[in-house]
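Here is the structure we will look at, set down as structure tokens.
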């Protein structure tokens with residue numbers, strides 16, 4: 001199943017640790033009761049659970065899902081996109097890239 005990296009970033013004023021409205025929405029969408037359901041509903045599984053990059057306001061997770069649309073729907077339905085700029089990146093194992101590196105013409109000597 002394909003893997004994706006999710007990077008979510010927000011400003012300090014909207015951080016769930018500082019903003020009561022954001023905190024309530026974060027708990028509603030990503031709390032211990034809600035998160036397992038959201039993962040199951042969208043067919044998303046954690047390879048690396050969400051990790052906060054201390055001391056900033058960025059979170060990183062690695063997930064597997066059937067397609068990128070499932071990951072985006074997960075981010076939308078949990079509310080993650082409501083207080084973060086969320087980027088979802090498809091990934092390719094380095095071994096695969098290196099096995100095919102000669103298929104791309106080099107542009108520099």
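The table for this structure:
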| read-out | value |
| --- | --- |
| Selection from segment 72-109 of residues that are assigned to a helix (DSSP H, G or I) and closer than 27 Å to residue 36 by Cα | 72, 73, 74, 75, 76, 77, 80, 81, 82, 83 |
| Number of positions in segment 76-98 that are crowded, with 16+ Cβ neighbours inside 10 Å and under 22 Å from residue 20 (Cβ atoms) | 7 |
| Lone unmet requirement of (1) within 17 Å of residue 7 (Cβ to Cβ); (2) within 13 Å of the chain's Cα centre (by Cα) for residue 45 | (1) |
| Residue satisfying condition, being in a loop (DSSP other than H, G, I, E, B), more than 11 Å from the chain's Cα centre (by Cα) and either surrounded by 13 or more Cβ atoms within 10 Å (Cβ to Cβ) or touching a residue at least 60 places away in the same chain (Cβ under 8 Å) (or both), within set 66, 38 | 66 |
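Values quoted throughout were computed directly from the atomic coordinates according to the rules given, and no laboratory measurement underlies them. Just so you know, these numbers come straight off a predicted model, no measurement behind them. We place every Cβ from the backbone using ideal geometry, glycine too, and count neighbours over all the protein chains shown.
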